[in-house]
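Quick notes on the structure that follows.
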C-alpha cells in the first residue's frame with residue numbers, strides 16, 4: 001500500500017517567505033539600532049575625552065602661571081598674564097613654568113601659551129621662545145571643536161571679579177597675577193562648562209628671567 005506524497009502548497013510557501021522576511025527585517029532593524037547606539041556611545045566617549053584633555057591642559061598651565069612678562073614681536077613689553085577686554089574677548093595669554101625639556105635643549109623651562117576661540121573651536125598656541133622676534137610663529141593646536149563661546153573672569157587681591165586682566169589699577173605692574181581665574185566654555189548643544197582655578201596668592205614681584213628694560217635715552 002503506497003503512502004501519498006504531499007508537498008507544500010503555494011499559499012504555504014508564500015506565508016513561510018513572508019514570515020522569514022518579517023523576521024529578517026526585525027533582525028536587521030535591531031542590529032542597526034545596536035550599531036547606531038554603539039557609534040553614538042563611542043562619539044560621546046571621544047568627545048568627553050577631548051573635553052577632559054582640554055580642561056586638563058588649561059588647568060595645568062594656569063596653576064603653573066608665573067609672573068614673567070615678555071616682549072612681543074614688536075619689542076613691546078606685555079604682561080605676564082593678560083586676557084579679555086581690549087586684548088580680545090575669548091583669549092587668554094600667559095607664561096607658565098614646568099615646560100619639560102627631556103632632550104636637554106638650551107632653552108628656558110618657562111613657556112608662553114595662549115588660548116583662543118578660533119573658527120574650528122578652542123585653540124592652544126605655544127611659542128618656542130618667551131621674548132619673540134618678528135619671525136616667531138606659534139604652534140597652533142585645536143583642543144576642542146564645537147565651542148560656541150569662550151570667556152574668562154579674573155579675581156583680584158580684593159576678591160573682586162573682572163572681565164579682563166590686567167585691571168586699570170595694575171596696568172603698570174606687568175608681573176602681577178590674578179588670585180583666581182574662571183574659564184567658561186559654551187559647547188554646541190551640550191551646555192556650559194565652568195571651571196575655577198586658584199593661582200598663587202602672593203607671587204613674587206619679579207623673576208630673574210624678566211626681559212631686559214629699555215635703555216634710557
**Q.** Search result, residues across region 79-89 that are assigned to a loop (DSSP other than H, G, I, E, B) and either at pLDDT 90 or above or surrounded by 17 or more Cβ atoms within 10 Å (Cβ to Cβ) (or both)
**A.** 79, 80, 84
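Within region 45-66, does at least one residue satisfy the condition of being at pLDDT below 75 and in a helix (DSSP H, G or I)? Let's see the steps before the verdict.
We begin by selecting, within region 45-66, every residue at pLDDT below 75; these are 45.
Remaining after also requiring in a helix (DSSP H, G or I): 45.
Within region 45-66 (the criterion being at pLDDT below 75 and in a helix (DSSP H, G or I)), the answer is yes, since at least one residue qualifies.
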Q: For region 123-132, state whether one or more residues are touching a helix residue (DSSP H, G or I) at 6+ places or on another chain (Cβ under 9 Å) and either at pLDDT 90 or above or under 19 Å from residue 89 (Cα atoms) (or both).
A: yes
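Does residue 153 satisfy being in contact with a strand residue (DSSP E or B) (Cβ under 7 Å, 6 or more places away or on another chain), more than 18 Å from residue 67 (Cβ to Cβ) and buried (at least 19 other Cβ atoms within 10 Å of the Cβ)? Walk me through how you get there before you give the answer.
Details: in contact with a strand residue (DSSP E or B) (Cβ under 7 Å, 6 or more places away or on another chain): yes; more than 18 Å from residue 67 (Cβ to Cβ): yes; buried (at least 19 other Cβ atoms within 10 Å of the Cβ): yes.
Criteria met by residue 153.
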Q | Qualifying positions in region 51-110 - more than 23 Å from residue 173 (Cβ to Cβ) and within 15 Å of the chain's Cα centre (by Cα) | A | 51, 52, 53, 54, 55, 56, 57, 58, 59, 60, 90
Q) If you take the residues in region 162-193 that are assigned to a strand (DSSP E or B) and exposed (fewer than 12 other Cβ atoms within 10 Å of the Cβ), which one is modelled with the highest pLDDT? A) 192
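Of these, 141, 103, which one is assigned to a strand (DSSP E or B), out of contact with any helix residue (DSSP H, G or I) (no Cβ under 7 Å at 6 or more places or on another chain) and farther than 24 Å from residue 179 by Cα? Reasoning before the result, please.
Working: 103 fails: assigned to a strand (DSSP E or B).
On inspection, the qualifying residue turns out to be 141.
The values are calculated or read from the model by the stated rules, or taken from the named source; none is laboratory data. Keep in mind it's a predicted model, so treat the numbers as computed, not measured. Backbone-built Cβ (ideal geometry, glycine too); neighbour counts: all protein chains shown.
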